[in-house]
Amino acid sequence: MLQKLEEVKKEFDSGVGLVGSMPDMAQFKADFLGKKGKLNALMGGMRDLSVEEKKSFGARANEVKQEMTDAIDKRSQDIELEAINAKLAKNKLDISWTDKIKDLGQQAAGLHPLTQVTRELEDIFLSMGFDILDGPHIEDEYHNFEALNIPESHPARDMQDTFWFKDKKHLLRTHTSNIQIRGMEQKKPPFKFVGPGKVFRCETLDASHEAAFHQLEGMMVGKDIAVPHMIHFLRTLLSEIFKREIKVRLRPGFFPFVEPGFELDYECLLCGGKGCSVCKQVGWVEGLGCGMVHPNVLSGGGIDPNKWNGFAFGLGIDRLAMMRYHIDDVRHLHSGNLQFSEQFKTY
Ligand code: DAH
């Protein structure tokens, strides 16, 4: 009997490594360890053995059973691994894709200049401890106008030609200033954040006007913040972006959500101040609107204007990118022309 047992074990040992798939393995396992398997068949013969023999046979049979089970587990794992490896070999990822694409006569992708400038701005603000927030493109009247101290009859609503939805309640945001309101809903002062994004206006298009363009809104609320802080901050910011000292000028500007409000112009870097189509021949470009946050805006946002104050600004990203990369017509930015975009590849 013991000899038979060893023979079965031998047969098992020489067969287990040859099993090549999980269904075959199930069959193999049943042949040896199943109810009607070879091991059980031998066990059936134990009846005829003496007590002594039963003992030694039983012990060895148990050992064999354990060894077979372990061998089956091990081989099953290998089969699964082999299957995975085979699959991987078939779907091998070719990371030399840039060359392949070139072979196919296609261009490798790069970041659009607007994306590059926006990311750079975000990095500058992050390094100054600002949070980056987002706001919806489709906005309601409250967040785009009313909460910004622009009530329904206010002439400022007509200053920005708005794309309204049919319900007359929703619109494509005309500026990123909605992010000020969204930010105040989330945050308790003191805080400072910026929010970049697309804005939309029903504009007549020319070299410096597009119906969809990009702004970056900023808001800083704290204690005892004053206009000189704001000016210093904005000038530092522009120098940081252009990587050199940059001439700015401040004009009074009217925006209902700030008081006082300003427009900050910076020297036109395209023509060096001589005058060109981008700066409308004046040598300066309108860089951003800014001012001290209006008390109505703060209190509407749940912030006590007697305790807190701060400044806000809205920066035009397209114009910044134009200055940065010497682009003389804003329409190029949205042209989808690959020959144009190609020039600004980051690699
Ligand atoms: N939202 C204004 C616009 O699109 C820009 C602006 C002006 C934003 C003054 C501000 C600000 O935050 O304080 O024309």
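Between the residues 15, 297, 149, the greatest Cα displacement towards the positive end of the dipole of the chain, with unit charges on the Cβ of Lys, Arg, Asp and Glu, is found for 15.
For the stretch 235-347, what number results from the quotient of the Cα radius of gyration and 2.2 N^0.38 Å?
That ratio works out to 1.30.
Add +1 for every Lys or Arg and -1 for every Asp or Glu among the other residues with Cβ under 10 Å from the Cβ of residue 247, and state the total. Intermediate results must be reported in sequence, preceding the final value.
Details: positive: 235, 249; negative: 245, 265, 267.
Value of the local net charge: -1.
With R₀ fixed at 41 Å, the C-beta to C-beta distance from residue 131 to residue 204 puts the FRET efficiency at about 0.70. Straightening the chain between residue 332 and residue 51 buys 91.5 nm, computed as 0.36 nm per residue apart minus the Cα-Cα spacing.
Among 265, 140, 78, the largest mean-square fluctuation in a Gaussian network model of the chain, built with springs joining Cα atoms closer than 10 Å, belongs to 78.
Build a GNM of the chain with springs between Cα atoms under 10 Å apart, and of 136, 23, 252 the one that fluctuates most is 23. Of the trypsin sites (Lys or Arg not before Pro) found in the stretch 120-229, those that fall in a DSSP loop while having at most 16 other beta-carbon atoms within 10 Å are 166, 168, 169, 223.
Roughly how many debye, to the nearest 20, is the charge dipole of the chain about its Cα centre, given +1 on each Lys and Arg Cβ, -1 on each Asp and Glu Cβ, and no other charges? Don't skip to the end; give the middle numbers.
On the way: 45 positive and 50 negative charges, 114 e Å.
That gives a dipole near 540 debye.
Report the convex hull volume per residue for the stretch 2-90, counting only C-alpha atoms, in Å³.
Values: hull volume 6.2 nm³, N = 89.
Enclosed volume per residue, from the Cα hull, is 70 Å³.
Could you check which residue among 62, 144, 178 shows the biggest mean-square fluctuation in a GNM of the chain with a 10 Å Cα cutoff? Ranking 62, 144, 178 by mean-square fluctuation puts 62 first. The largest accessible area among 55, 280, 9 belongs to the first residue in 55, 280, 9, and the rest follow in falling order (1.4 Å probe, all chains). In loop segments of the stretch 191-238 as defined by DSSP, the GluC sites (Glu not before Pro) with at most 15 further C-beta atoms inside 10 Å of their C-beta are 203.
Just the protein heavy atoms count here, and of the accessible area of the stretch 2-90 at 1.4 Å, carbon and sulfur take up 56 percent. In this view, the solvent-accessible surface of residue 142, computed with a 1.4 Å probe and all protein chains in place, comes to about 100 Å². Derived value for the chain: Kirkwood hydrodynamic radius 26.2 Å. Basis is the mean of 1/r over every pair of different alpha-carbon atoms.
Out of 76, 64, 26, whose Cα points farthest toward the positive end of the dipole of the stretch 2-90 (charges: +1 Lys, Arg; -1 Asp, Glu; placed on Cβ)? With unit charges placed on the Cβ atoms, the residue in question is 26.
If you wrap a convex hull around the Cα atoms of the stretch 292-347, how much volume per residue is inside, in Å³? Show your work: numbers first, answer last.
Values: hull volume 8.5 nm³, N = 56.
Spread over its residues, the Cα hull of the stretch 292-347 gives 151 Å³ apiece.
Counting protein heavy atoms only, the stretch 213-322 has 54 percent of its accessible area on carbon and sulfur, 1.4 angstrom probe.
Take the Cα of residue 299, step 7 Å toward its Cβ, do the same at residue 163, and the gap between the two points is 3.6 nm. Ligands, DNA and RNA are left out, and with a 1.4 angstrom probe the accessible area of the chain is 56 Å² per residue. Taking the charge dipole of the stretch 113-342 about its Cα centre, with +1 at Lys and Arg Cβ atoms and -1 at Asp and Glu Cβ atoms, the residue from 213, 340, 126 reaching farthest to the positive side is 126.
Can you give the calculated 222 nm mean residue ellipticity of the chain, where each DSSP H run of n ≥ 4 adds -39,500 (n - 2.57) and the sum is split over every residue, rounded to the nearest 500 deg cm²/dmol?
Values: 13 runs with 149 residues, N = 347.
Per the formula, -13000 deg cm²/dmol.
How much net charge surrounds residue 304 when only other residues with a Cβ under 12 Å from its Cβ are counted (Lys, Arg +1; Asp, Glu -1)? Charge balance in the 12 Å sphere: +3.
The values are calculated or read from the model by the stated rules, or taken from the named source; none is laboratory data. Note that the structure is predicted; figures quoted are calculated from it, not measured. When we count neighbours, we look across all protein chains shown, and the Cβ atoms used for this are built from the backbone with ideal geometry, even at glycine. Note: areas computed on protein heavy atoms with side chains; ligands, DNA, RNA excluded. Shrake-Rupley method; radii C 1.70, N 1.55, O 1.52, S 1.80 Å.
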